[in-house]
Amino acid sequence: MPDTLRRLRLHGFNHLTKTLSFNIYDIVILDYRVRGCTRDVAGRKHFIDHNISSIQNYLSRDTKERYQAVDVNVYQENIFHTKMAIREFRLDDYLFCIQEQDLEEKERRRIHKLVRREVAEIFYGRNLARGLEF
């Protein structure tokens with residue numbers, strides 16, 4: 001397959017990785033579903049015209065280092081799904097009318113735990129047991 005054609009087919013992923021590298025999101029949920037088909041010069045249908053086993057294969061190294069990622073793929077349906085949660089975050093991004101440096105250490109740790117838990121619950125899509133820590 002010529003390089004120009006390969007780049008064209010993966011353009012959506014390239015745009016996605018550029019978007020992720022310029023912005024920081026706490027939780028990212030990516031879906032890639034193959035719909036329809038294309039035909040080769042002999043008229044044969046191809047439902048997937050490139051190798052894909054995970055959306056993560058198309059993410060930059062920097063993005064992979066910043067996020068914890070989990071794939072939930074349904075290969076027989078050509079559905080690729082990746083959930084990502086930020087590994088480290090700045091507490092100041094979650095505070096209103098106060099800065100992290102203005103908090104006592106105990107309060108800073110408490111709020112950090114609450115934010116980490118909130119991110120985990122959204123990431124897993126369920127309320128987590130009270131005793132669990134992240």
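The values are calculated or read from the model by the stated rules, or taken from the named source; none is laboratory data. Keep in mind the model is a prediction, meaning the values are calculated, not measured. Cβ coordinates were reconstructed from backbone atoms using ideal geometry, including for glycine residues, and neighbour counts include every protein chain displayed.
State whether one or more residues within the range 99-107 are loosely packed, with under 12 Cβ neighbours inside 10 Å, not assigned by TED's automatic domain parsing to the domain that holds residue 59 and not in a helix (DSSP H, G or I).
Scanning the range 99-107 turns up at least one residue that is loosely packed, with under 12 Cβ neighbours inside 10 Å, not assigned by TED's automatic domain parsing to the domain that holds residue 59 and not in a helix (DSSP H, G or I).
Those residues that are modelled with pLDDT under 90 and among the small types (Gly, Ala, Ser), I need them from the range 84-98; list them, please.
none
Could you please let me know if residue 16 is at pLDDT below 90, out of contact with any Leu (no Cβ under 8 Å at 6 or more places or on another chain) and surrounded by 13 or more Cβ atoms within 10 Å (Cβ to Cβ)?
no
I'm told residue 118 meets every condition in (1) in the same structural domain as residue 35 (by TED's automatic domain parsing); (2) not in a loop (DSSP other than H, G, I, E, B) except one. Can you identify the failing condition by its number?
(1)
Could you list all residues from the range 45-84 that are touching a Cys at 6+ places or on another chain (Cβ under 9 Å) and of a type in the set (Asp, Glu)?
Across the range 45-84, the qualifying residue is only 49.
Of the residues 80, 134, 123, only one is under 16 Å from residue 25 (Cβ atoms), under 23 Å from the mean Cα position of the chain (by Cα) and either among the aromatic types (Phe, Trp, Tyr) or modelled with pLDDT under 90 (or both); which?
123
Pick from 96, 80: which is aromatic (Phe, Trp, Tyr) and exposed (fewer than 10 other Cβ atoms within 10 Å of the Cβ)?
The conditions single out 96.
Among the candidates 94, 58, 67, 75, single out the residue that is hydroxyl-bearing (Ser, Thr, Tyr) and assigned by TED's automatic domain parsing to the domain that holds residue 119.
Exactly one of 94, 58, 67, 75 is hydroxyl-bearing (Ser, Thr, Tyr) and assigned by TED's automatic domain parsing to the domain that holds residue 119, namely 94.
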